[in-house]
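Q: The structure that follows is given in the form of structure tokens.
The values are calculated or read from the model by the stated rules, or taken from the named source; none is laboratory data. Not measured: the values here are computed from a predicted model. Here the Cβ is made from the backbone with ideal geometry for all residues, glycine too, and neighbour counts use every protein chain on show. The protein model used for the area step is the full one, side chains on, heavy atoms only, and it has no ligands, DNA or RNA in it. Shrake-Rupley method; radii C 1.70, N 1.55, O 1.52, S 1.80 Å.
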Amino acid sequence: MTLKWSVPDLMPYKNEGLTLDETIELPEMSEQDDEIRDLSPIRITGFAEVKARLISFHLTLKGKMVLPCSITLKNVDQPFEVHTSETFRLDSSLDLEDGHGEEIHDVDNQVIDLIPFIKEAILVEKPIRVVSEEAKNQPKPEGKGWEVVTDEERKNRIDPRLEKLKQFYDD
């Protein structure tokens, strides 16, 4: 099975729906985003609801991407699990408003291709930065007048400019 169907091919699934369980490879993702150094095969599970005027795909994408560590630039395996729903309108004259804020796509040339939507979901799931376990355990770099602090340390510190205000709470 593939993740591309013509609308007439999906119509026989109108009553019972279509169950999906596929594994795909997307080697072109590393060309699409320079930070994605590698992408494991992606397991796609879910189902499709086929109705007279709408087809909705409810998918779970599982895989692993290799990203650079923000500190050392070494490879870090970043597992991901994405839940996404994509709805396609079969009749472009049909005016639909989805109350959940979900975007409804038009079908091009009577063909539904899920690959571009899967790529988009993976790119959206990619973290802004990752830090390897090795980098977390290293001493933090520092210099004259600066040092690296974690979010936890930053939350627990008092700004030196506001240090004198602390005495008001001691009373």
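Q: Any chance you could count how many residues in segment 35-89 are on the phi > 0 side of the Ramachandran plot and open to solvent by 40 Å² or more (accessible area, probe 1.4 Å)?
A: 1
Q: Let me ask something additional. Please determine whether any residue of segment 30-37 is out of contact with any strand residue (DSSP E or B) (no Cβ under 9 Å at 6 or more places or on another chain) and modelled with pLDDT under 85.
A: Checking segment 30-37: not a single residue is out of contact with any strand residue (DSSP E or B) (no Cβ under 9 Å at 6 or more places or on another chain) and modelled with pLDDT under 85.
Q: Still on this structure, please answer the following. Checking the conditions here, which among E25, E35 is without any contact (Cβ under 8 Å) to a residue 40 or more places away in the chain, more than 18 Å from H105 (Cβ to Cβ) and of a type outside the set (K, R)?
A: E25
Q: Hey, another quick one. Do you know which residues across segment 13-34 are among the β-branched types (V, I, T) and loosely packed, with under 13 Cβ neighbours inside 10 Å?
A: T19, T23
Q: Pairs needed: first member in segment 137-157, within 21 Å of C69 (Cα to Cα) and open to solvent by 100 Å² or more (accessible area, probe 1.4 Å); second member anywhere, modelled with pLDDT under 80 and in a loop (DSSP other than H, G, I, E, B); C-beta distance under 7 Å; at least 6 residues apart or different chains.
A: Cβ pairs passing all conditions: E142/V148.
Q: In the set L67, L59, L26, L20, which member is touching a strand residue (DSSP E or B) at 6+ places or on another chain (Cβ under 8 Å), part of a loop (DSSP other than H, G, I, E, B), closer than 17 Å to K119 by Cβ and not β-branched (V, I, T)?
A: Going through L67, L59, L26, L20 in turn, the sole match is L26.
Q: Conditions first: (1) among the charged types (D, E, K, R); (2) in a strand (DSSP E or B); (3) out of contact with any strand residue (DSSP E or B) (no Cβ under 6 Å at 6 or more places or on another chain). D91 passes all but one, so which condition is the exception?
A: So D91 meets the others, but not (2).
Q: Kindly indicate which of K144, K74 is out of contact with any Leu (no Cβ under 7 Å at 6 or more places or on another chain), over 30 Å from T45 (Cα atoms), modelled with pLDDT of 90 or more and among the charged types (D, E, K, R).
A: K74
Q: Against the definition (modelled with pLDDT of 90 or more and open to solvent by 70 Å² or more (accessible area, probe 1.4 Å)), how does E120 come out, yes or no?
A: In short, yes.
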